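Just so it is clear, none of the values below were taken in a lab; they were calculated from the coordinates. What you see is a predicted model; the values in this text were computed from it and never measured. Positions of Cβ are backbone-derived with ideal geometry, glycine not excepted, and every protein chain shown enters the neighbour counts.
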Amino acid sequence: MPDTGNIAAKQTVLVVDDAPENIAVLSALLKGFCRVRVATNGEKALEIAFSGEPPDLILLDVMMPGLDGHAVCRRLKADARTRDIPVIFLTAKAEVADEQKGFELGAVDYITKPISPPIVIARVQTHLKLRRAAEELRAAYEDLDQEFRSVGEVQTSLLPASLPEIPGFQVSSHCRPARRAGGDAFDLLPLPEGRWAVMVADVSGHGAPSAVMMAMICILVRTAPPGLSPGRMLTHLNATMARHIRSEQFVTAVFGILDPAAGTFHFANAGHPPMLLWRRKTGRTEPAAGDGGMPLGIDAESVYESAPLVMEAGDVLLLYTDGITEAANAAGELFGEARLAATMDASAGRGTEAVRNAVLRAVDEFRGPVELADDVTMLVLQSAINDRR
């Protein structure tokens with residue numbers, strides 16, 4: 001007896017055969033566990049398949065007048081509305097070449113005539129279960145994709161809605177997650193006396209968990225005790241993460257305080273890629289000095305120190321995440337810091353937007369068709385040429 005469980009209870013099988021006796025036999029076998037629709041020629045089969053209620057599975061006779069089974073299958077697989085409907089060919093031929101042709105056209109199985117009722121039932125139930133599983137997987141993916149979108153929207157809401165105007169400085173930014181949501185972020189927060197808090201951070205891993213962690217980091221920065229130096233800010237973030245946030249993830253970050261009037265940027269680094277500084281008077285890019293320190297969230301006792309950086313008129317400072325330097329091409333080669341520095345050398349004299357655009361273009365040209373494996377974020381700061389210095 002056929003299995004009448006709920007796996008296939010609401011699914012529909014379209015039986016296509018020009019012999020009424022075959023349709024009668026197949027309908028009697030299938031009606032106990034699924035709905036059955038019938039068509040006696042290829043044109044009617046296509047009409048049903050393209051209707052508002054397409055079948056979940058098609059049993060398709062190969063030898064029919066007019067449009068034969070191969071022609072019908074070819075039409076089904078060429079149309080986006082029906083290409084995913086599984087097709088099982090019904091045929092009196094059992095030659096390997098005939099089966100190969102059917103599989104090349106997109107059929108999932110063959111049933112030879114005269115039919116064996118147990119084989120028909122077993123194969124139809126198997127493919128209906130696979131069809132249901134594929135639909136459930138697709139629905140789960142769509143739900144997950146929507147969750148990613150929602151997390152990404154929350155993360156985006158925590159990034160600066162627009163870049164602030166900082167007297168004496170130009171600012172450009174870019175933040176692109178590798179997925180719907182990512183673990184990169186940057187922030188620019190006003191401080192007393194015209195100073196600005198600057199942060200670029202990167203959570204280990206990808207996707208929604210990293211985005212949630214990054215949202216927590218952004219909130220911790222904005223709610224931290226006032227007046228913290230860069231080193232003390234990272235020490236505060238690290239202790240809070242290590243002691244109160246249960247996660248195997250860690251965070252690399254650069255946090256600094258920009259004083260536009262003095263032309264200084266005091267910063268601390270927690271395991272993050274070194275900032276790059278282009279000096280206008282030399283036309284060369286160099287790594288910014290400063291101890292890298294331990295990533296946040298690994299050791300609750302880690303302490304971070306602040307380091308000073310003087311930015312002279314026209315100098316350009318680049319803060320970035322390793323999604324740039326670790327972008328890979330088809331040969332597995334990484335973009336690397338040397339290419340990034342060379343890109344800055346060639347573009348920094350034209351301003352922060354030129355640097356941002358040149359870096360993105362260089363990375364895209366380098367990786368070619370290879371997808372980005374990590375989020376890409378950068379913040380570019382330039383001290384104005386015509387300032388008091």
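Match the structure shown to one of the listed values (i) 0.97; (ii) 0.93; (iii) 1.47 of Cα Rg over 2.2 N^0.38 Å, computed from it, and give that label.
(iii)
With a/c under 1.5 counting as rounded, go ahead and sort region 1-93 into rounded, prolate or oblate using the C-alpha gyration tensor (a ≥ b ≥ c being the square roots of the eigenvalues; past the cut-off, prolate if a/b is larger than b/c, else oblate).
Oblate, since a/c reaches 1.5 and b/c is not below a/b.
Looking at the square roots a ≥ b ≥ c of the eigenvalues of the Cα gyration tensor of region 237-389, which shape do they give, rounded for a/c under 1.5, prolate if a/b is larger than b/c, or oblate?
Oblate, because a/c is 1.5 or more while a/b does not exceed b/c.
Length gain on complete extension for the stretch Asp299 to Lys93, per 0.36 nm per residue less the alpha carbon to alpha carbon distance?
Contour length minus the Cα-Cα distance gives 67.2 nm.
Taking the Cα atoms only, what angle lies between the long axis of helix 96-105 and the longest principal axis of the chain, rounded to 10 degrees?
Tilt relative to the chain: about 50 degrees.
Helix 230-244 versus the longest principal axis of the chain: what is the Cα-based angle in degrees, 0 to 90, to the nearest 10?
Roughly 40 degrees, rounded to the nearest 10.
Running a GNM on the chain with Cα contacts under 10 Å, which residue among Ser347, Ser27, Ser210 ends up with the highest mean-square fluctuation?
Answer for the Gaussian network model of the chain: Ser27.
Using alpha carbons only, how many degrees (0 to 90, rounded to 10) separate the axis of helix 20-30 from the longest principal axis of the chain?
In the chain, helix 20-30 runs at an angle near 50 degrees to the longest axis.
Tell me, what ³J(HN,Hα) does each residue in region 364-373 have, in order and in whole Hz, if you take phi through Karplus 6.51 cos²θ - 1.76 cosθ + 1.60 with θ = phi - 60° and put x for Gly and Pro?
5, 5, 5, 7, x, x, 6, 5, 5, 8
Between Lys77 and Ala330, what is the label-point separation in nm under the 7 Å Cα-to-beta-carbon projection?
It works out to 2.7 nm between the two label points.
Under the rule of -39500 (n - 2.57) per DSSP H run of 4 or more residues, summed and divided by the residues of the chain, what mean residue ellipticity at 222 nm is obtained, to the nearest 500 deg cm²/dmol?
Here the helix-only value at 222 nm equals -12000 deg cm²/dmol.
With label points built 7 Å along Cα→Cβ from the Cα atoms of Glu142 and Asp84, find their separation and express it in nm.
So the label points at Glu142 and Asp84 sit 0.8 nm apart.
State, as an integer percentage, the relative contact order of the chain based on alpha-carbon contacts under 8 Å between residues 6 or more apart.
Computed over the chain, the figure is 13 percent.
Take Lys31 and Leu163, extend 7 Å from each Cα along the Cα→Cβ direction, and tell me the distance between the two endpoints in nm.
With each label point 7 Å from Cα toward Cβ, the separation is 7.1 nm.
Past the 25 Å Cα-Cα mark, which pairs from Lys31/Lys129; Lys44/Lys77; Lys44/Lys101; Lys10/Lys101?
Long pairs (Cα-Cα over 25 Å): Lys10/Lys101.
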